[in-house]
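The values are calculated or read from the model by the stated rules, or taken from the named source; none is laboratory data. Note that the coordinates shown come from a computational prediction; the quantities given were computed from them, not determined experimentally. Here the Cβ is made from the backbone with ideal geometry for all residues, glycine too, and neighbour counts use every protein chain on show.
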Amino acid sequence: MAGDLRRWLPPALLLLAWEVAGRLDLVASGALPALSEILSRLWQDRADYPAHVSATLAASGAGFVIGNALAVLAGLIFVLSPVTERLARGVNIAIFTLPPIAIAPILTLTLDGMTPRIVLAALGVYFVTMQATVTGLRQYDSRAADVVRAYGGGRGAVLRLVRVRGAVPAILSGFRVAAPNAVLGAILAEFGGGGRFGLGAYLLGSLGRGEPDRLWGIGLAATLIAGLSYAVFAVISRRMLGASISLSLNPAGPEPAEGGRTSPLIGLGAVAMPFVLWWVILWAMQVPEMLGKTPWQVFDYLFLADGAPVAQERLLAALAETLPITLAGMGAGLAFAFGLAVAGRLTPTFTRVFLPVAIVTQTMPLVALTPLLVLLLGRGTAVTLWITVSVTFFPAYVMIAQGIAQVPRAALELPRAYGASGWRELRLVTLPASLPWLFAAMRLTAPRALLGVMIAEWLATGRGLGNLLNQSRGYLDFGMIWTVAVVSVMLSVALYLAALWVERLAIRRIGIGPEN
Amino acid sequence: MTAPAGIALSGLSKTFAGRGKRVEALRDVTLACPPGSFTALIGPSGCGKSTILRASLGLEPLDAGRVEIAGQPPPQATAAGITGVAFQDSGLLPWRSVARNIALPLEVLGRDVGPAKGRIRDLIALVGLNGYEDALPGELSGGMRQRVAIARALVSEPRVLFLDEPFGALDQILRRQMNIELQRIWAETGVTTLLVTHGIDEAVFLADRVAVMQANPGRIVEVVEIDLPRPREPSLFSAPHFHALCDRIARVLHGG
């Protein structure tokens with residue numbers, strides 16, 4: 001009983017504090033309504049929700065199915081033929097890092113109806129599931145594979161009997177992580193694309209009306225959908241696993257997928273592939289030339305055409321605003337995550353209180369969170385920074401905490417056995433062990449940081465790349481829309497690769513690290 | 001069960017190259033196991049005893065030498081279902097029940113599982129796992145999983161059985177018990193058996209002949225005939241003659 005009380009008391013107190021602050025309009029003069037006010041507003045608006053929710057569900061569901069089907073297929077191909085994986089590396093990184101908001105305008109301008117939403121949802125799930133499939137298929141029990149081979153079974157038999165079924169748990173956990181991404185993608189496209197129904201459209205329509213309780217209600221609904229989609233797959237994968245947990249002593253280690261020995265030709269192909277794909281898609285879909293710009297046309301717009309100097313100047317000005325705050329936000333988010341993980345190691349209670357709040361903010365789709373933060377923090381630099389921190393710290397925290405948790409017990413207990421204090425043990429064992437994970441977190445959060453900044457710029461501050469994109473959309477300046485999209489994807493890829501480079505360097509120095 | 005077949009290894013050599021130094025895992029290993037015999041391969045870790053077994057099954061390529069199982073090279077012999085195998089790790093598929101794990105070799109060999117249902121039931125009884133047909137490996141203890149692996153090794157009605165430290169991960173008491181059961185199974189089926197082990201008492205208790213290996217380079221230094229009468233009873237473990245044989249093998253192992 002006492003344990004139950006300890007667990008439930010902090011969240012209960014938090015809810016109570018929220019209620020009081022909301023009722024008394026304590027936060028930013030009413031920007032944070034009480035939970036009861038939000039719920040009663042939700043009840044008043046109940047007639048509006050079914051149409052919006054079902055539109056969002058339809059788009060994210062279709063995107064989820066299509067994206068995952070492609071992802072599993074791609075994962076299978078990559079495992080069977082590692083060359084294809086190296087060739088597709090550029091495309092994979094681009095899809096992983098691309099800020100959805102940067103390409104949302106292009107999609108809504110070139111495609112019609114539900115298609116942009118489905119595409120963005122599918123893009124959101126592809127990388128996670130593809131990676132999970134590849135990992136699942138690569139990490140199989142080598143002893144079980146030996147048994148199959150010892151009876152004359154070839155590669156096909158090992159794949160069929162051991163690896164495919166063995167990858168199911170990994171793929172399911174990929175689905176679980178990917179599901180909220182699909183919802184986020186769909187809402188983002190709704191937000192940027194007009195259309196009557198969908199939670200994103202609803203949010204956009206309610207934005208200008210200064211009704212915090214409705215905005216919070218929509219945010220809550222979006223959070224609920226994203227959270228439920230995660231929960232559904234969590235339940236399915238638990239059911240599927242049941243007693244069939246892995247019991248191998250000797251899983252085959254993941255083959256070094258990204259060795260340093262990629263031939264220059266394949267490297268060149270990997271870089272060229274995204275551009276070729278971009279060209280092919282435009283050509284295959286017969287997008288009118290005014291709307292769909294080829295890589296060459298974007299280059300022409302930015303460097304050769306009459307307006308090129310002006311375009312360059314605007315782009316550089318926007319970059320000068322976006323880049324510093326992205327780096328600052330990322331740094332702050334990582335520092336916060338690192339401090340949190342270390343604090344969690346020293347005082348587990350702290351983690352227990354803080355973590356549920358953090359998880360809720362993470363499940364809330366970013367587009368829904370941003371207007372709320374604008375209400376709370378205004379439209380200055382602070383809001384951009386906060387949004388960036390909030391999108392980066394959580395994945396980083398999970399990653400670093402995971403790293404700390406993987407330190408063998410014996411290694412942790414050794415300093416203690418010689419009478420070391422908690423701090424000393426931290427300094428000797430925990431911190432060095434978690435450093436590589438910090439770098440891995442940096443790589444994973446860099447693209448998210450840029451996305452956070454661009455959304456904040458678009459919705460709140462009216463500066464930087466996000467704003468340039470929004471403006472160009474208003475003026476139907478297609479050249480600039482494409483340019484911003486391409487530049488922000490490239491920027492994101494560059495941040496990712498820079499973080500990867502630092503991580504490799506660090507791993508070589510320290511000698512340990514996460515596997516991929 | 002069809003007539004047992006022999007194993008003939010001649011001139012096996014293998015060198016691993018890694019991290020700047022070359023390790024001679026096997027040098028000119030020659031060993032003949034007559035049909036129906038029980039041979040134990042014993043030696044320190046890294047002497048190449050598992051490499052011999054893996055090479056015999058075609059799992060490991062050799063630099064030189066020839067393996068013949070019932071007069072055939074490994075790929076043909078394994079694909080024909082002449083061999084059975086159990087490794088130190090049971091290597092069970094966690095999502096398959098005990099019965100379906102035992103059926104795995106039949107599926108790999110492309111045989112029908114349906115007609116073998118009764119045989120699988122008999123094997124489960126043989127290894128003492130009655131009532132666990134539908135259990136998943138995660139619900140079994142380590143010793144029980146190892147017994148499933150033994151049953152799986154026998155399901156294809158092999159004429160030659162390869163065992164790679166199948167009881168290596170078990171505790172001493174369980175290991176003795178499994179030794180006694182294995183002897184019974186071997187006596188009932190008459191299958192030619194090659195057992196890789198690092199337990200001297202296990203080798204002496206079970207085998208007709210013990211081939212003793214040494215490392216760097218991996219080679220067979222002596223083959224010790226075990227002339228103890230069969231069936232061998234558990235009381236043998238404390239007999240003076242048994243200990244004399246164990247001591248003799250230990251001396252060879254330590255280069256005496």
For the subset of region A:126-150 comprising residues that are away from chain B (no Cβ under 14 Å) and farther than 12 Å from residue A:171 by Cβ, which member is modelled with the lowest pLDDT? A:138
Is there a residue in region A:185-204 that is within 14 Å of another protein chain (Cβ to nearest Cβ) and farther than 30 Å from residue B:75 by Cα? no
Given (1) surrounded by 22 or more Cβ atoms within 10 Å (Cβ to Cβ); (2) within 13 Å of the chain's Cα centre (by Cα); (3) at pLDDT 90 or above, residue A:95 misses just (1)
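Which of the helices (runs of 4 or more DSSP H) found entirely inside region A:304-417 contain at least 3 residues meeting this: at pLDDT 75 or above and in contact with a Phe, Trp or Tyr (Cβ under 8 Å, 6 or more places away or on another chain)?
Working: elements: A:308-346, A:348-363, A:366-377, A:381-405, A:409-417.
Of the helices (runs of 4 or more DSSP H) lying wholly inside region A:304-417, those with at least 3 residues that are at pLDDT 75 or above and in contact with a Phe, Trp or Tyr (Cβ under 8 Å, 6 or more places away or on another chain) span A:308-346, A:366-377, A:381-405.
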Does residue B:145 fit the bill of being among the basic types (Lys, Arg), within 10 Å of chain A (Cβ to nearest Cβ) and assigned to a helix (DSSP H, G or I)? yes
Going through region B:90-107 one residue at a time, which ones are surrounded by fewer than 24 Cβ atoms within 10 Å (Cβ to Cβ), of a type in the set (Gly, Ala, Ser) and either under 12 Å from residue A:148 (Cα atoms) or free of Cβ contacts under 8 Å to residues at least 12 places away in the same chain (or both)? B:103
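Which residue is farthest from the other protein chains (Cβ to nearest Cβ), if the candidates are limited to region B:150-173 and must be part of a helix (DSSP H, G or I) and surrounded by fewer than 17 Cβ atoms within 10 Å (Cβ to Cβ)?
Taking region B:150-173 and keeping what is part of a helix (DSSP H, G or I), we get B:150-154, B:172-173.
Subset that is surrounded by fewer than 17 Cβ atoms within 10 Å (Cβ to Cβ): B:172-173.
Details: B:172: 19, B:173: 21 Å.
The extreme case among them is B:173.
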Residue count, region B:90-138, condition within 14 Å of another protein chain (Cβ to nearest Cβ), assigned to a loop (DSSP other than H, G, I, E, B) and hydrophobic (A, V, I, L, M, F, W, C), comes to 8
Considering only residues of region B:48-89 that are without any contact (Cβ under 8 Å) to a residue 60 or more places away in the chain, surrounded by fewer than 24 Cβ atoms within 10 Å (Cβ to Cβ) and polar (S, T, N, Q), which is farthest from the other protein chains (Cβ to nearest Cβ)? B:72
From the list A:177, A:183, which residue is over 16 Å from residue A:59 (Cα atoms), out of contact with any Gly (no Cβ under 7 Å at 6 or more places or on another chain) and part of a helix (DSSP H, G or I)? A:177
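Out of A:493, A:502, which single residue is part of a helix (DSSP H, G or I) and touching a Lys or Arg at 6+ places or on another chain (Cβ under 9 Å)?
Testing whether each residue is part of a helix (DSSP H, G or I) and touching a Lys or Arg at 6+ places or on another chain (Cβ under 9 Å) leaves just A:502.
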